[in-house]
Amino acid sequence: MLNIFKKTLLLFFVLLYFSSCSKRASKISESPDVPGGAATSVSNDAPGDASVGAADADREAFIEDFWRWSFGDAGLPEELSRKVADSAAQGPDFIMDLLAVLETDSSLYKLVDKTHALSNGYAPSDLVELTGGSYRITRRDLMLRKAAASSLEEMAAAAKADGVTLTVGSSYRSQQYQVEVYNRNVREMGQEAADRESAKPGYSQHQTGLVVDFSPIDDSFADTAAGKWVLAHAGRFGWSISFPDGYEKATGYRWESWHYRYVGKELVYFIDTHFGGIQQYALQFIEAWIASSGE
Ligand SMILES: [Zn+2]
């Protein structure tokens, strides 16, 4: 963990240096009293010019390095990695946002997808039972981790104030339970369809204890008042849609309008600001970032 912070802080100072260079440079070139201000484009020996050029060239090189360093293994679409690397090189905002995420509970940003499993038999230690406060439940045995449960209650209360009732249909699933769900799906629909619908045991976000499926757990949810409300407001409470419409290639799952993961407000901000709202991409980036820190 220490290495990630060292690496992130180092990058932070490098970026501060670049942004102070380019600020100084643009001040010089804007000031009419300084030679090389208005005349920058013709005068080659103007002091402002040299420093702009050097800072730009350094920044270009830095973006290139940063891109290879942190995105090489992230498996992001190339256009997106370049966009993110570029925004990271503009100044310290990206790094500050990343640091804020890395300071949260590491299970919030843990990548769990078709190729990244939880440790075998993982079970969270702070599960609490969902009793239904401001929201409804469809069954008695629903559980979430404590932070997710209290955030869910807060979100549901806000929805209620807007006249919308949220109903939870599924939440924490143990590895053993996922074995049963997966095997049943394989039996009923065959391996290929089962893999689109459900995760292999150990590979389900539900096993983190940070995920809810709102009810009804089917495509009709998107058009319900609850579906629309959650899509618009869940981020404010630290919840993020895991499998958005049109990203099956990236996430491995078809669109699931009902499946939300609690990732915390810091990570929602990071996802929305730098990764176009796609949770999968931000988690892939963080995974690669941590891996390249030699953890
Ligand atoms: Zn789900």
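Looking only at residues in segment 256-295 that are assigned to a helix (DSSP H, G or I) and among the polar types (S, T, N, Q), which one is nearest to the chain's Cα centre (by Cα)? I'd like the intermediate steps shown before the answer.
Here is the first cut: in segment 256-295, the residues assigned to a helix (DSSP H, G or I) are 265-274, 279-292.
Remaining after also requiring among the polar types (S, T, N, Q): 273, 279-280, 284, 292.
Working: THR273: 10, GLN279: 4, GLN280: 6, GLN284: 8, SER292: 18 Å.
Looking at the filtered set, the residue picked out is GLN279.
Whether any residue in segment 209-225 is more than 14 Å from the ligand (Cβ to nearest atom), acidic (Asp, Glu), at pLDDT 95 or above and within 23 Å of SER240 (Cβ to Cβ) is what I want to check.
Yes, segment 209-225 has at least one match.
So which residues in segment 258-268 are of a type in the set (D, E, K, R) and more than 15 Å from the ligand (Cβ to nearest atom), if there are any at all?
Here is the first cut: in segment 258-268, the ones of a type in the set (D, E, K, R) are 261, 265-266.
LYS265, GLU266, listed by residue number.
Out of GLU266, GLU192, GLU287, report the one residue that is in contact with a strand residue (DSSP E or B) (Cβ under 8 Å, 6 or more places away or on another chain) and farther than 27 Å from ASP141 by Cβ. Don't jump to the end; show me each part of the working.
Working: GLU266 fails: in contact with a strand residue (DSSP E or B) (Cβ under 8 Å, 6 or more places away or on another chain); GLU192 fails: in contact with a strand residue (DSSP E or B) (Cβ under 8 Å, 6 or more places away or on another chain).
The unique qualifying residue is GLU287.
Residue-wise test of (1) modelled with pLDDT under 70; (2) among the small types (Gly, Ala, Ser); (3) in contact with a Leu (Cβ under 8 Å, 6 or more places away or on another chain); (4) closer than 30 Å to TYR253 by Cβ.
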site: GLU30; (1), (2), (3), (4): yes, no, no, no
site: ASP49; (1), (2), (3), (4): yes, no, no, no
site: TRP67; (1), (2), (3), (4): yes, no, no, yes
site: PHE71; (1), (2), (3), (4): yes, no, no, yes
site: SER81; (1), (2), (3), (4): no, yes, no, yes
site: ALA89; (1), (2), (3), (4): no, yes, yes, no
site: ILE95; (1), (2), (3), (4): no, no, yes, no
site: ASP105; (1), (2), (3), (4): no, no, no, yes
site: GLY121; (1), (2), (3), (4): no, yes, no, yes
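Quick one: count up the residues across segment 226-246 that are among the aromatic types (Phe, Trp, Tyr), more than 11 Å from the ligand (Cβ to nearest atom) and touching a Ser or Thr at 6+ places or on another chain (Cβ under 8 Å).
Residues of segment 226-246 among the aromatic types (Phe, Trp, Tyr): 229, 237, 239, 243.
Narrowing the set further to residues that are more than 11 Å from the ligand (Cβ to nearest atom) leaves 229, 237, 239.
Of the ones still in play, those that are also touching a Ser or Thr at 6+ places or on another chain (Cβ under 8 Å) are 237, 239.
Here the count works out to 2.
With ALA149, ALA159 as the choices, which residue is surrounded by 20 or more Cβ atoms within 10 Å (Cβ to Cβ) and either of a type in the set (D, E, K, R) or in contact with a helix residue (DSSP H, G or I) (Cβ under 9 Å, 6 or more places away or on another chain) (or both)?
Numbers: ALA149 fails: either of a type in the set (D, E, K, R) or in contact with a helix residue (DSSP H, G or I) (Cβ under 9 Å, 6 or more places away or on another chain) (or both).
Selected residue: ALA159, the only one of ALA149, ALA159 that is surrounded by 20 or more Cβ atoms within 10 Å (Cβ to Cβ) and either of a type in the set (D, E, K, R) or in contact with a helix residue (DSSP H, G or I) (Cβ under 9 Å, 6 or more places away or on another chain) (or both).
For segment 91-127, give me the residue count where each residue is surrounded by fewer than 16 Cβ atoms within 10 Å (Cβ to Cβ) and outside any helix (DSSP H, G or I). Show your work before the answer.
As a first pass, look at segment 91-127 and keep what is surrounded by fewer than 16 Cβ atoms within 10 Å (Cβ to Cβ): 93, 96, 100, 103, 105-106, 114-116, 119-121, 123, 125-126.
Subsequent filtering for residues that are outside any helix (DSSP H, G or I) retains 103, 105, 114-116, 119-121, 123, 125-126.
Number satisfying all stated conditions: 11.
Which residue, of ALA88, ALA148, is of a type outside the set (Val, Ile, Thr), under 20 Å from the mean Cα position of the chain (by Cα) and not assigned by TED's automatic domain parsing to the domain that holds HIS233? Don't jump to the end; show me each part of the working.
Details: ALA148 fails: not assigned by TED's automatic domain parsing to the domain that holds HIS233.
Just one listed residue meets the conditions, ALA88.
Looking only at segment 165-194, count every residue that is touching a residue at least 60 places away in the same chain (Cβ under 8 Å), away from the ligand (no atom under 13 Å from the Cβ) and surrounded by 18 or more Cβ atoms within 10 Å (Cβ to Cβ) and tell me the total.
Residues of segment 165-194 that are touching a residue at least 60 places away in the same chain (Cβ under 8 Å), as a first pass: 165-166, 169.
In the following step, the residues that additionally are away from the ligand (no atom under 13 Å from the Cβ) were identified as 165-166.
Restricting the remaining residues to those that are surrounded by 18 or more Cβ atoms within 10 Å (Cβ to Cβ) gives 166.
So the count comes out to 1.
Which of the residues spanning segment 176-214 are β-branched (Val, Ile, Thr) and under 14 Å from LEU144 (Cβ atoms)? I'd like the intermediate steps shown before the answer.
Narrowing segment 176-214 to residues β-branched (Val, Ile, Thr): 179, 181, 186, 208, 211-212.
Of everything in segment 176-214, those that are β-branched (Val, Ile, Thr) and under 14 Å from LEU144 (Cβ atoms) turn out to be THR208, VAL211, VAL212.
Every residue, every condition in (1) within 16 Å of the ligand (Cβ to nearest atom); (2) modelled with pLDDT under 95; (3) aromatic (Phe, Trp, Tyr), yes or no:
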position	(1), (2), (3)
GLU256	yes, no, no
ILE278	no, no, no
ILE286	no, yes, no
ILE290	no, yes, no
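The values are calculated or read from the model by the stated rules, or taken from the named source; none is laboratory data. Small disclaimer: the values here were computed from a predicted structure and weren't measured. Don't worry about glycine lacking a Cβ; one is built from the backbone with ideal geometry, like all the others, and counts go over all protein chains shown.
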